[in-house]
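K.L.:
Below: one structure in structure tokens.
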Amino acid sequence: MRNRSKVVICWEMLRAMASGPQGPSRLTRVANVPFNRLAVYLDPMISKGLVRKGQAEGRDVYAITQEGMEALRDLDRVLPKLLP
């Protein structure tokens, strides 16, 4: 597997959250990152208002915000042109 940038990993997480709130386990599988590294990607997205953390059935879940959807649309348009 080739190394991916933080941007690509965040893009993968945002794409997963676009279909609905996701738990941390699902995000680690979708983005193929270890559980203990999840905060490295989620915390900056939360602080920038792209993602919000909430609770569902007593568990942490992460949901994309409207600003996150706008960022995802931009990334969907640009990244495929830049990636091999």
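K.L.:
Within the stretch 14-49, restricting attention to residues that are touching a residue at least 40 places away in the same chain (Cβ under 8 Å) and aliphatic (A, V, I, L, M), which residue is nearest to Leu83 (Cα to Cα)?
P.N.:
Leu14
K.L.:
Specify the residue that is farthest from Met17 (Cα to Cα); the eligible residues are those in the stretch 30-45 that are open to solvent by 60 Å² or more (accessible area, probe 1.4 Å) and assigned to a helix (DSSP H, G or I).
P.N.:
The qualifying residue farthest from Met17 (Cα to Cα) is Asn36.
K.L.:
Let me ask something else about it. Give the stretch 71-83 a look and list any residue that's open to solvent by 30 Å² or more (accessible area, probe 1.4 Å), more than 15 Å from Met17 (Cβ to Cβ) and either in contact with a helix residue (DSSP H, G or I) (Cβ under 6 Å, 6 or more places away or on another chain) or not in a loop (DSSP other than H, G, I, E, B) (or both), or say none.
P.N.:
Across the stretch 71-83, the qualifying residues are Asp74, Arg77, Val78, Pro80, Lys81, Leu82.
K.L.:
Of (1) assigned to a loop (DSSP other than H, G, I, E, B); (2) open to solvent by less than 30 Å² (accessible area, probe 1.4 Å), Leu14 satisfies all except one. Which?
P.N.:
Exception for Leu14: condition (1).
K.L.:
Can you pull out the residues in the stretch 46-63 that are among the β-branched types (Val, Ile, Thr) and part of a helix (DSSP H, G or I)?
P.N.:
Ile46
K.L.:
Of all residues in the stretch 51-70 being touching a residue at least 40 places away in the same chain (Cβ under 8 Å) and farther than 19 Å from Ser25 by Cα, which is surrounded by the most Cβ atoms within 10 Å (Cβ to Cβ)?
P.N.:
Gly68
The values are calculated or read from the model by the stated rules, or taken from the named source; none is laboratory data. Just so we're clear, the structure is a prediction, and the values are computed from it rather than from any experiment. Positions of Cβ are generated from backbone atoms using ideal geometry, with glycine treated the same way; all protein chains shown enter the neighbour counts. Calculation scope for accessible area: heavy atoms of the full protein, side chains included, ligands and nucleic acids excluded. Shrake-Rupley method; radii C 1.70, N 1.55, O 1.52, S 1.80 Å.
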